1. Name, by its number, the condition in (1) assigned to a loop (DSSP other than H, G, I, E, B); (2) surrounded by fewer than 17 Cβ atoms within 10 Å (Cβ to Cβ); (3) out of contact with any helix residue (DSSP H, G or I) (no Cβ under 7 Å at 6 or more places or on another chain) that does not hold for T174.
2. Within segment 46-69, count every residue that is part of a helix (DSSP H, G or I) and not charged (D, E, K, R).
3. For segment 40-51, check the following and say yes or no: at least one residue is touching a helix residue (DSSP H, G or I) at 6+ places or on another chain (Cβ under 7 Å), at pLDDT below 90 and either more than 21 Å from V93 (Cα to Cα) or buried (at least 16 other Cβ atoms within 10 Å of the Cβ) (or both).
4. Check L118, L72, L79 and return the single one that is of a type in the set (A, V, I, L, M) and either in contact (Cβ under 8 Å) with a residue 40 or more places away in the chain or assigned to a loop (DSSP other than H, G, I, E, B) (or both).
5. Are there any pairs with C-beta distances below 6 angstrom linking a residue in segment 92-115 that is among the polar types (S, T, N, Q) to a residue that is not in a loop (DSSP other than H, G, I, E, B), with the two at least 6 apart or on different chains, and if so which?
6. Name the single residue that is modelled with the highest pLDDT among those in segment 185-213 being more than 20 Å from the chain's Cα centre (by Cα), under 20 Å from L118 (Cβ atoms) and assigned to a loop (DSSP other than H, G, I, E, B).
7. When segment 181-216 is examined, which residues are found to be in contact (Cβ under 8 Å) with a residue 12 or more places away in the chain, farther than 17 Å from K157 by Cβ and charged (D, E, K, R)?
8. Here are the criteria: (1) under 30 Å from S54 (Cβ atoms); (2) buried (at least 18 other Cβ atoms within 10 Å of the Cβ). Tell me which single one N127 does not satisfy.
Amino acid sequence: MHLEINSLEKLDPDRIAGVKSCTTLSLSESSTDKIPDWICHLPLLKSLTVTGTSIYQFPDDFTNLSDTLVELVFTHNLLQSIPPIISNFSRLVTCDFSNNDIVEIPDQIGGCTALQTLSINDNKDLNKISAKIGNLVNLKNFLANRCSLSQLPIDMKNNISLTYLGLTSNKFATLPPCIMYMSSLEDLYLSNNLLPDVEIQLIKQVFGSTIRHDLP
């Protein structure tokens, strides 16, 4: 089901055949500033995409989706923070909060223990990641390109499944020590930071040709 611009505000879900059996829902280019209540009561919803809206927060009833939702794509909106209720979404496998106004990844992210992909690209003021991200032992892909990060929590050494780490165009002046513990890493992208040549060479020495990277 795909709802186009202006359709969301006038939509009467009771008139849509089979809406209660919806498993995948995509809302885009809508002027709405809140998630409609009826979405929070779709009992079989597994994948939700919301992009290009004015939504800046999640309703409390959004937790109703925690038993079924495995994919949440919430990009190009006005979200100012990742909601605390995210801790209830232990089945979530993919989560994308790119292109919002988020400034930190909170402790509650540690509750998303099934998470395999976390994207927070292009949150230009994002400068802090909670140590609880280390709880995500199934995390394979972490993308935080074009943010304002200058460090990673040492607890990320516990992300033993991590194979892809994207950190281009941030503010790293020193190499985050946790990277040296990421034995499963296959792709590392750190260009356009403030790393000195000596640390760039260290990365190449430690990982050699075992990873793909964008370092000079």
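1. It is condition (3) that T174 fails.
2. 4
3. No, segment 40-51 has no match at all.
4. L79
5. T94/E71; T94/T117; S98/T75; S98/S119; N99/T75; Q108/P84; Q108/I86; Q108/S87
6. Restricting to residues being more than 20 Å from the chain's Cα centre (by Cα), under 20 Å from L118 (Cβ atoms) and assigned to a loop (DSSP other than H, G, I, E, B), the top hit is N193.
7. Across segment 181-216, the qualifying residues are D187, E199, R212, D214.
8. (2)
The values are calculated or read from the model by the stated rules, or taken from the named source; none is laboratory data. These figures come from a predicted structure and were not determined experimentally. With ideal geometry, Cβ positions are generated from the backbone for all residues, glycine too; neighbour counts draw on all protein chains shown.
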